[in-house]
Amino acid sequence: MKEKILAVQAMQDYIMDHMTETISLADLAKTAHFSPWYAHRLFKELTGISPAEYIRKLRLSEAAKRLKNEKSRVTDLAMTLDFESLDGFTRAFVREFGMTPSEYRLLPTPITLFIPYGVKFRELFKEKVKMEKVRNVFIQVIRKPARKSIIKRGVNAKEYWDYCNEVGCDVWGTLMSMDSLCGEPVCLWLPEKYIKPNTSQYVQGVEVNMDFAGNIPDGFDVIALPACEYLMFQGEPFREEDYCEAITAVQNAMDRYDPSVIGYEWDHENPRIQLEPRGERGYIELRAIKLK
């Protein structure tokens, strides 16, 4: 992997590890092993924003999550996340999310959280994956209830990176601010009957109860999904830099698996589901099944 990508990734990792501390450009430059001027230029070139803006967005999104999930005090968050003053924190929150921290704490609505995508992952995705060893894959039958899915459609996408190029990666930030029936956002490969003309097979969304009556973000759509059984395939925990290999291992296992050995067959009328690849739990994907 190129030296520049590793340098910026090192700065991103440093920011994440020291989010509640004062972070200077000198600190980042030392981490990247470049001059402050060049480190700043390189960071903006590969992430699209300056280090200061990156830190600000990351801290504001962390504040929003704590306001929603922990009902943290606004004054405590301003101090904990190293904002210079309560007024400064409030003004920054309003500029980012269109409401004050107190308003969001009282009535959380879908907002676009900042997701700090590591620059190394797009480069890793381009590399040819070699399966150097067989990995264990855990398989389990689970049942999902009838539910709705609030989704953002793309145009032609059949996989993650094409989807990001079509709709932008900020969609995941919006989904992360919303409550999901399964506890987290999902990525779906839609069967043909759920695909509108000139829209993508691959979408991202959150699952909600059938009686959901909350806010739907602009540009999102809602589909109703029936109760269904799934085979959940879960791979071994993996290092972040090995995420492509981890995904390939699980998908290869799915392609080889014959559900008839447990009395089922593949159900192509329900979406295939992908969860966020997280190294600590292994890659997870679900494919619908039905009794033979």
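Size of the dipole of the chain about the Cα centre, Lys and Arg at +1 and Asp and Glu at -1 on the beta carbon, nothing else charged, in debye to 20? Walk me through the numbers on the way to the answer.
Values: 40 positive and 43 negative charges, 58 e Å.
It comes to approximately 280 debye.
Could you tell me which of the pairs 71/144; 152/196; 2/57 are separated by over 19 angstrom between their Cα atoms in the structure shown? Before the final figure, lay out the partial values.
On the way: 71/144 30 Å; 152/196 12 Å; 2/57 26 Å.
Where the Cα-Cα span goes over 19 Å, the pairs concerned are 71/144; 2/57.
Give me the base-10 log of I(q)/I(0) for segment 137-291 at each q in 0.10 Å⁻¹, Debye formula, one uniform scatterer per Cα, rounded to two decimals.
-0.35
Treat each spin label as a single point 7 Å out from the Cα along the C-beta direction, and report the residue 49 to residue 211 distance in nm.
3.9 nm
Which whole-Hz couplings ³J(HN,Hα) result when phi for each residue of segment 78-89 is put into the Karplus expression 6.51 cos²θ - 1.76 cosθ + 1.60, θ = phi - 60°, listed in order with x for Gly and Pro?
4, 6, 4, 9, 6, 7, 5, 7, 5, 4, x, 5
If N is the number of residues in the chain, what value comes out of its Cα radius of gyration divided by 2.2 N^0.38 Å?
On the way: Rg = 20.9 Å, N = 292, 2.2 N^0.38 = 19.0 Å.
After normalising by residue count via 2.2 N^0.38 Å, the value is 1.10.
Under a crude label model (7 Å from the Cα following the beta-carbon direction), how far is residue 90 from residue 38 in nanometres?
4.5 nm
Would you calculate a helix-derived [θ] at 222 nm for the chain, using -39,500 (n - 2.57) for each DSSP H run of n ≥ 4 and dividing by the full residue count, to the nearest 500?
On the way: 11 runs with 116 residues, N = 292.
My calculation for the chain gives -12000 deg cm²/dmol from helical runs alone.
When each pair of different Cα atoms in segment 33-79 is counted once in the 1/r mean, what is the Kirkwood radius in angstroms, to one decimal?
After inverting the mean inverse Cα-Cα distance, the result is 12.3 Å.
Would you mind ranking 70, 53, 166 by Cβ crowding within 10 Å, fewest neighbours first? All intermediate terms of the calculation are to be shown ahead of the outcome.
On the way: 70 10, 53 14, 166 17.
In increasing order of surrounding Cβ atoms, one gets 70, 53, 166.
Using the Cα centre as the reference, give the magnitude of the dipole from point charges on the C-beta atoms of segment 3-106 (Lys, Arg: +1; Asp, Glu: -1; all else neutral), rounded to the nearest 20 debye. Before the final figure, lay out each step's value.
On the way: 15 positive and 15 negative charges, 63 e Å.
So the dipole magnitude of segment 3-106 works out to roughly 300 debye.
When 153, 95, 281, 56 are ordered from fewest to most other Cβ atoms inside 10 Å of their Cβ, what list results?
Values: 153 24, 95 10, 281 14, 56 18.
Neighbour counts put them in this order, fewest first: 95, 281, 56, 153.
Using the C-alpha gyration tensor of segment 46-117, what are the square roots of 5 times its eigenvalues, in whole angstrom, with the largest one first?
Values: eigenvalues 73, 39, 22 Å².
Here the semi-axes work out to 19, 14, 11 Å.
Classify segment 3-106: rounded, prolate or oblate, from the alpha-carbon gyration tensor (a ≥ b ≥ c, eigenvalue square roots; a/c under 1.5 rounded; otherwise prolate if a/b is larger than b/c)? The partial results should precede the final answer.
Numbers: a/c = 2.50, a/b = 2.30, b/c = 1.09.
Judged from the Cα gyration tensor, segment 3-106 comes out prolate (a/c at least 1.5, a/b above b/c).
Could you give the radius of gyration (one decimal) and Dmax (whole number) of the Cα atoms in segment 216-273, in Å?
My reading of the Cα-based Rg and Dmax gives 15.5, 44 Å.
Which of 187, 182 has the fewest other C-beta atoms within 10 Å, and how do the rest follow up to the most?
Values: 187 22, 182 15.
Arranged by neighbour count, lowest to highest, 187, 182 become 182, 187.
The numbers here are math on the coordinates, done by the rules we state, and not lab data. If you're wondering where the values come from, they're calculated on a predicted model, not measured in any experiment. Every residue, glycine among them, receives a Cβ derived from its backbone with ideal geometry; neighbour counts consider all protein chains shown.
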